[in-house]
Amino acid sequence: MISEKIAKALSEQINAEYYSAYLYQSMSACMERAALKGAANWLFIQAKEEMAHGINIYQYILDRGADPALSAIKAPPASFAGIKEIFEATVAHEAKVTGLLNALASLAMKENDHACYQFIMWYVNEQVEEESQASDILSRINMIGNDQGLLLSLDNELAARTYVNPFPNNSKLSGA
Ligand code: OFO
């Protein structure tokens with residue numbers, strides 16, 4: 001059984017993960033409209049991963065004998081100025097989520113819940129990769145500037161991303 005404090009904090013993290021999914025879906029739609037199908041693909045897969053992150057926490061709360069408290073998900077921005085602004089916002093958003101997860105890990109340690117700490121550390125480590133991938137893409141965009149040819153070649157690379165279920169052992173996510 002997890003403490004009430006931890007159950008509440010984990011439920012808040014579900015909300016943050018689902019909001020991330022909303023945010024990336026909105027960004028993906030914006031890239032579809034701009035005919036940058038590769039960027040749209042990359043962001044949509046990111047959204048799917050964020051949904052999986054949230055569902056995995058949902059399952060964890062249940063596995064630990066508590067109830068996930070699902071709350072309203074804030075609407076994401078409906079439009080973005082362009083690919084540069086989207087990846088700037090992505091880098092900033094991922095840094096914010098890393099802060100939330102670090103706070104959760106600290107809470108788990110404070111509550112002496114080592115199992116929860118281990119659980120959250122998967123997410124903390126995942127953030128290192130997520131921040132780095134988004135920063136790399138942003139650096140490429142900044143180098144490309146106004147060169148449409150180079151932008152299309154980046155877009156082709158982003159089109160190659162495929163979805164991999166991050167939690168193959170979670171029965172709620174198998175086949176997802
Ligand atoms: Fe859930 O991984 Fe990024 O935010």
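The values are calculated or read from the model by the stated rules, or taken from the named source; none is laboratory data. Keep in mind it's a predicted model, so treat the numbers as computed, not measured. Glycine also receives a Cβ, built like all others from the backbone with ideal geometry; neighbour counts cover every protein chain displayed. These accessible areas exclude ligands, DNA and RNA; they are computed on the full protein's heavy atoms, side chains included. Shrake-Rupley method; radii C 1.70, N 1.55, O 1.52, S 1.80 Å.
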Of Ala40, Ala78, the only residue that is outside any loop (DSSP other than H, G, I, E, B) and of a type outside the set (Lys, Arg) is Ala40
Of the residues in segment 36-50, those that are open to solvent by 60 Å² or more (accessible area, probe 1.4 Å) and without any contact (Cβ under 8 Å) to a residue 60 or more places away in the chain come to Phe44
Of the residues in segment 1-35 that are polar (S, T, N, Q) and part of a helix (DSSP H, G or I), the one that is surrounded by the most Cβ atoms within 10 Å (Cβ to Cβ) is Ser20
Within segment 96-137, residues charged (D, E, K, R) and either within 23 Å of Met51 (Cβ to Cβ) or open to solvent by 70 Å² or more (accessible area, probe 1.4 Å) (or both) come out as Lys96, Lys110, Glu126, Glu129, Glu130, Glu131, Asp136
Expected output for segment 158-176 (first residue closer than 23 Å to Gly38 by Cα, partner modelled with pLDDT under 90, Cβ below 6 Å, 6+ apart or cross-chain) is Asn165/Ala176
Looking at segment 138-159, can you tell me whether even one residue there is within 19 Å of the chain's Cα centre (by Cα), within 17 Å of Asn41 (Cβ to Cβ) and either within 14 Å of the ligand (Cβ to nearest atom) or outside any helix (DSSP H, G or I) (or both)? no
